[in-house]
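Take a look at the structure below.
The values are calculated or read from the model by the stated rules, or taken from the named source; none is laboratory data. Not measured: the values here are computed from a predicted model. So basically every Cβ, Gly included, is an ideal-geometry build from the backbone, and we count neighbours across all protein chains shown. Only protein heavy atoms, including side chains, enter the accessible area calculation; ligands, DNA and RNA are left aside. Shrake-Rupley method; radii C 1.70, N 1.55, O 1.52, S 1.80 Å.
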There are 2 protein chains.
Amino acid sequence: MLGQDGAACCAPMLREPLGEEAAAELSRMFKALSDPVRLRLLSLIASHEGGEACVCDLTGPFDVSQPTISHHLKVLREAGLVGSERRGTWVYYWVLPEALAKLSALLQIPAVPAKAPA
Amino acid sequence: MLGQDGAACCAPMLREPLGEEAAAELSRMFKALSDPVRLRLLSLIASHEGGEACVCDLTGPFDVSQPTISHHLKVLREAGLVGSERRGTWVYYWVLPEALAKLSALLQIPAVPAKAPA
């Protein structure tokens, strides 16, 4: 399972302090997730039949214009969270599982959880 | 282990489309992680001895002013990612493990990963 491979490859950031470079790269990925429309787009793409979605599948559920959707998809792509390819009329999008697995692993709580005060 | 409890409680957002309300709440938490100084602060707090850190432990590693650090800590606290308490002269911070476990679980790749095109 890809999520578990991701967990094996990357130490949780809570086990040791993150370096400056790693923090800069990761913050760009989290920034792409910091918008509700982008989060829903990512979720729609990943949960779509076959794991990929045409841009034509992605505008219906939203109250925003198609150019706005295209902008959000571009942000997700530039952050390395989705891949895309034009086939004929439409552009298709799919999630890049390694990127999500990396973020997921980084946020995992190590075996000894943070202490809450008494 | 808290991370696993978190994973059990929350379905990965990639299994089914995220609703509007959930996306709004989650995007606020990701926004708090979208700054490299805040990511490093969170990591410093969580990896500090005993799982909590005094604000006096947190200014040294950064090239930014103490008021800026305090602002970033406030953003992390308001996003529900850290707790804090004043004890005497200093404010102490600790990570809220349930919040991180929730984000980590949401980004987990379901058993059938997204398909990459041929």
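As a fraction of the 1.4 Å probe accessible area of segment B:20-107, surface on carbon and sulfur atoms comes out at 48 percent. Listed by chain and number, the aspartates and glutamates whose C-alpha is less than 12 Å from the C-alpha of A:K102, apart from same-chain residues fewer than 8 away, are A:D5, A:E25.
Since only B:P61, B:A32, B:V75 are under comparison, the one whose Cα sits farthest along the positive direction of the charge dipole of segment B:20-107, derived from C-beta charges on Lys, Arg, Asp and Glu, is B:P61.
Per residue, how large is the accessible surface of segment A:20-107? Use a 1.4 angstrom probe and give square angstrom. Don't skip to the end; give the middle numbers.
Working: 3870 Å² over 88 residues.
Here the per-residue accessible area is 44 Å².
Taking all protein chains as shown and a probe of 1.4 angstrom, B:W90 keeps an accessible surface of around 110 Å².
Across all directions of projection, what mean area in square nanometres is found for the Cα convex hull of segment B:20-107? It would help to have the intermediate numbers written out before the result.
Values: hull surface 23.9 nm².
That works out to 6.0 nm².
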